[in-house]
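Just below is one structure, and these are the notes that go with it.
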Amino acid sequence: MKTRCAWAKSELMVCYHDEEWGVPEHDDRKLFEFIVLEGAQAGLSWNTILQKREHYRKVFDQFDPLLVAKYEERKVEQLLADPGIVRNRLKIASTITNAKAFLAVQKEFGSFDKYIWQFVGGKPILNAWPTTKEIPARTAESDAMSKDLLKRGFKFVGSTICYAFMQATGMVNDHTTDCFKFKKRK
């Protein structure tokens, strides 16, 4: 039996842990998806967001920032009425705002990937935490990312959310030392 990070308990979380978490992601659309989902998760459990993820993909046009940036009030009202997502007006509005800011970053840097990975020097930070209790909620890198994203107009990108984004997209690998994924990265 495989030993995993302690948080990977449900079938959905195990699948996410084994296939995505800590794996370097460089696709701009997937990076936008994680910006949206990590912001939606604020104050909730990641398991809740994973359960809603497929529906998020459907109602947010597969996280195409070009389409999301054009959402108007009618679309916001439809989303607020949809029980398949987190129905929070500020979080929905931030998704639209973030799509616009995301597109501006793409235009400036050529890709969001090129911009966002600069916060870790272009390669994953490989940590070696014995337990999940030792994993920080934020770091100097997530502080810098948050500060710069906020300056660029992004919302729901505090340092803790940025650190979770960094973990999700493999910018930081925080699999605990007893986890089979930690052992495979060597």
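The values are calculated or read from the model by the stated rules, or taken from the named source; none is laboratory data. Please read these numbers as outputs of a predicted model, since none were measured by experiment. To get the accessible areas, we keep the full protein, side chains included, count just its heavy atoms, and leave off ligands, DNA and RNA. Shrake-Rupley method; radii C 1.70, N 1.55, O 1.52, S 1.80 Å.
Numbers at a glance
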{"item": "Amide proton proximity set for Val172, modelled H, under 5 Å, gap of 5+", "result": "Ile125, Gln167"}
{"item": "Full-stretch length increase - Leu44, Lys70 - with 0.36 nm per residue and alpha-carbon distance subtracted", "result": "6.7 nm"}
{"item": "3J(HN,Hα) from dihedral phi, region 112-118, Karplus parametrisation 6.51/-1.76/1.60, rounded to Hz, x for glycine, proline", "result": "5, 3, 4, 5, 6, 6, 5"}
{"item": "Heavy-atom accessible area per residue - region 55-186, 1.4 Å, Å²", "result": "51 Å²"}
{"item": "Vicinal HN-Hα couplings computed from phi for region 56-66 (Karplus, 6.51 cos²θ - 1.76 cosθ + 1.60; Hz; Gly/Pro x)", "result": "4, 4, 5, 7, 10, 6, 6, 6, 7, x, 4"}
{"item": "Contour minus Cα-Cα distance for Glu108 and Thr160 (0.36 nm per residue)", "result": "16.2 nm"}
{"item": "Gain upon complete extension [Glu54, Thr131; 0.36 nm per residue less C-alpha separation]", "result": "24.7 nm"}
{"item": "Dimensionless Rg ratio for the chain, taking C-alpha atoms and the 2.2 N^0.38 Å reference", "result": "1.02"}
{"item": "Carbon and sulfur %, accessible surface of the chain computed with the full protein complex present, 1.4 Å", "result": "54 percent"}
{"item": "Given Lys2/Lys155; Lys70/Lys114; Lys75/Lys107; Lys30/Lys181, the pairs whose alpha carbons are separated by over 27 Å", "result": "Lys2/Lys155"}
